[in-house]
């Protein structure tokens, strides 16, 4: 048996096993518990890296659960695949890698950050479940399992957001998120049920091969797009995001950032791979562009005036998701015409994917920096902070890297991906890059304020005893800093090696269909 | 080249920018070296000038809070911020309503 053939199964199995073993690990001493946490997160990361590397040449990995062979998608006599099926292409492997890296960084960070709190059993089990759910969302090849993984990650995140049960704000944030998420989940299930009723299939590749353009398909697609736009934090359905991101423990917020990217992945998969005929070149593309522009602009406007650091960053998350929606909307608009795809479509999709990867790292890093400040000072209020660069030089340095990257300052990676989005969206209408650039300027203004308020200025007497955070927390931040710097220094390598394959996978959606349906 | 990128519209090389920053930094250091050399550490030259007043011992007494940043921008945009703050009122029922209205709007748009 070749173990590498089973990588897609290991990807979800390892964190799930971690979650189910947690009741035993929770009884161990601190060292064993930490080793357990890091080992399972590290194994998940290694699996994700191996998976990502095996899809770089354009291969689509397919894995069938419970069949006579893991590679047999259509047993004899079957027209549609009916078993639980994972399908990972170059586009799907990118969010998988981002989630695994963020999960590993969040685990390292949480070792010390959560050490002074009780409830580790709950924390570990929910953390691993959320990781498994998010990874499953990007790995699965059928809509119903996608729904199941969405629910796994959502339910785990409700628990983690309300982890500090003695804080009313945390419980309230979790409740609001749960309320709207459950309405969204019902609508998602309704849409999937509609497709199942229409085609007797829930497999994504089978749906892509059969989907027509009738009213039922349109309604189902509209519901799925709306639900996933909500889950990734698009305006005007973003209202859960600042509260949720602010109240969750910072290691969890780091992972939540990439969970939102799993929803973004689902949204793009639905538009580009399942319903390209319906979504390309028309109203859906313009809808994504409109949602993107509104998310960018209103998200950053709200962020500029915040003085609670994690809430401010939560609003920036909405703004950053706006860039990605804009880019993927422009790409979808171009998808209707082969000429437009070559002129600006591929550049837009590449920019959107690049920005999504960048966002996963620098945004997760920013939340960990905010967590470090909270750990050291006991407050998230920027009005009460100040002069901390002297006592927390490493945190300050890594914050500068992340803040410069999100603000789109050259030579950081945020600049490169935003630049691609500006260029490609200009081909559609000049107002689009204009709004994106204004958003970028306001983002810079916002993070200049954060840096000035938290790290610069005279030392405050109440923070005399503040010292740099423990090594575990620094290590978690360092992982994401290294990724941000690598993406900044070698954008050409990442683009030609990773993003171009992902663009090809989205533009040529037939390869996604053929991997499961054969020559159909 | 790993650091070089051609987007189809333009060209980007991160090391050109880093080289540019090195040149500018070297120039800035050269300008700095032309300045006065009689500065003495740990003397009154090191003290903060606070409009001629005695400087409070605690930095908290004379630092600018984050809420005061971009005051002019906030005042200029007050009508828009009033609207946005009403939108973000913290009421879960309203938030669920925004979601439902958006889903309905998207539903109508995809049917057109």
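Does the stretch A:49-62 contain at least one residue that is in a helix (DSSP H, G or I), without any contact (Cβ under 8 Å) to a residue 60 or more places away in the chain and either touching a helix residue (DSSP H, G or I) at 6+ places or on another chain (Cβ under 6 Å) or more than 30 Å from residue A:354 (Cα to Cα) (or both)?
There is at least one residue in the stretch A:49-62 that is in a helix (DSSP H, G or I), without any contact (Cβ under 8 Å) to a residue 60 or more places away in the chain and either touching a helix residue (DSSP H, G or I) at 6+ places or on another chain (Cβ under 6 Å) or more than 30 Å from residue A:354 (Cα to Cα) (or both).
Looking at the stretch A:402-416 only, could you name the residues that are more than 19 Å from residue A:303 (Cβ to Cβ) and touching a residue at least 40 places away in the same chain (Cβ under 8 Å)?
Passing the criteria: A:411, A:413, A:416.
Can you say whether residue B:21 is free of Cβ contacts under 8 Å to residues at least 12 places away in the same chain, surrounded by 10 or more Cβ atoms within 10 Å (Cβ to Cβ) and either in contact with a helix residue (DSSP H, G or I) (Cβ under 9 Å, 6 or more places away or on another chain) or assigned to a loop (DSSP other than H, G, I, E, B) (or both), as far as the supplied structure shows?
It is false that residue B:21 is free of Cβ contacts under 8 Å to residues at least 12 places away in the same chain, surrounded by 10 or more Cβ atoms within 10 Å (Cβ to Cβ) and either in contact with a helix residue (DSSP H, G or I) (Cβ under 9 Å, 6 or more places away or on another chain) or assigned to a loop (DSSP other than H, G, I, E, B) (or both).
For the stretch A:403-414: of the residues being in a helix (DSSP H, G or I) and farther than 18 Å from residue A:292 by Cα, which is farthest from the other protein chains (Cβ to nearest Cβ)?
We begin by selecting, within the stretch A:403-414, every residue in a helix (DSSP H, G or I); these are A:403-406, A:413-414.
Subsequent filtering for residues that are farther than 18 Å from residue A:292 by Cα retains A:403-405, A:413.
Numbers: A:403: 14, A:404: 12, A:405: 12, A:413: 9 Å.
My answer is A:403.
Would you confirm, using the coordinates I've provided, whether residue A:32 is modelled with pLDDT of 85 or more and more than 28 Å from the chain's Cα centre (by Cα)?
On the way: modelled with pLDDT of 85 or more: yes; more than 28 Å from the chain's Cα centre (by Cα): yes.
Yes, satisfied.
When residue B:76 is evaluated against the numbered criteria (1) within 22 Å of residue A:382 (Cβ to Cβ); (2) at pLDDT below 95; (3) loosely packed, with under 12 Cβ neighbours inside 10 Å, which criterion, by number, is the only one it fails?
Evaluating residue B:76 over (1) within 22 Å of residue A:382 (Cβ to Cβ); (2) at pLDDT below 95; (3) loosely packed, with under 12 Cβ neighbours inside 10 Å leaves (2) as the failure.
The conditions are (1) farther than 28 Å from residue B:66 by Cα; (2) at pLDDT below 95, and residue A:326 fails exactly one of them. Which is it?
(2)
Given the conditions (1) without any contact (Cβ under 8 Å) to a residue 60 or more places away in the chain; (2) within 14 Å of chain B (Cβ to nearest Cβ), which single one is not true for residue A:381?
Status for residue A:381: all satisfied but (1).
Check residue A:221 against each of (1) part of a helix (DSSP H, G or I); (2) surrounded by fewer than 24 Cβ atoms within 10 Å (Cβ to Cβ) and name the one condition it does not meet.
(2)
Quick one: would you say residue A:81 is more than 20 Å from the chain's Cα centre (by Cα) and surrounded by 24 or more Cβ atoms within 10 Å (Cβ to Cβ)?
Details: more than 20 Å from the chain's Cα centre (by Cα): yes; surrounded by 24 or more Cβ atoms within 10 Å (Cβ to Cβ): yes.
When the stated conditions are applied, residue A:81 passes them.
What about residue A:99, is it out of contact with any strand residue (DSSP E or B) (no Cβ under 9 Å at 6 or more places or on another chain), touching a residue at least 60 places away in the same chain (Cβ under 8 Å) and buried (at least 24 other Cβ atoms within 10 Å of the Cβ)? Working first, answer last.
Numbers: out of contact with any strand residue (DSSP E or B) (no Cβ under 9 Å at 6 or more places or on another chain): yes; touching a residue at least 60 places away in the same chain (Cβ under 8 Å): yes; buried (at least 24 other Cβ atoms within 10 Å of the Cβ): yes.
So residue A:99 fits the description; yes.
If you scan the stretch A:490-505, which residues turn out to be in contact (Cβ under 8 Å) with a residue 12 or more places away in the chain and under 18 Å from residue A:417 (Cα atoms)?
Keep residues of the stretch A:490-505 that are in contact (Cβ under 8 Å) with a residue 12 or more places away in the chain, which gives A:491, A:494-495, A:497-505.
A:491, A:494, A:495, A:497, A:498, A:499, A:500, A:501, A:502, A:503, A:504, listed by residue number.
Against the definition (under 28 Å from the mean Cα position of the chain (by Cα) and not in a strand (DSSP E or B)), how does residue B:99 come out, yes or no?
Numbers: under 28 Å from the mean Cα position of the chain (by Cα): no; not in a strand (DSSP E or B): yes.
Spelling it out, it is not the case that residue B:99 is under 28 Å from the mean Cα position of the chain (by Cα) and not in a strand (DSSP E or B).
Please find, among A:267, A:278, the residue that is within 14 Å of chain B (Cβ to nearest Cβ), modelled with pLDDT of 95 or more and farther than 30 Å from residue A:164 by Cβ.
From the options A:267, A:278, the qualifying one is A:267.
Quick check on this structure: which one of B:67, B:63 is in a loop (DSSP other than H, G, I, E, B), modelled with pLDDT under 95 and within 12 Å of another protein chain (Cβ to nearest Cβ)? Let's see the steps before the verdict.
Numbers: B:67 fails: in a loop (DSSP other than H, G, I, E, B).
When all the criteria are applied, what remains is B:63.
The values are calculated or read from the model by the stated rules, or taken from the named source; none is laboratory data. Predicted, not measured: the structure shown is a model, and the values here were computed from it. Neighbour counts are summed over all protein chains in view; Cβ atoms, including those assigned to glycine, are modelled from backbone coordinates with ideal geometry.
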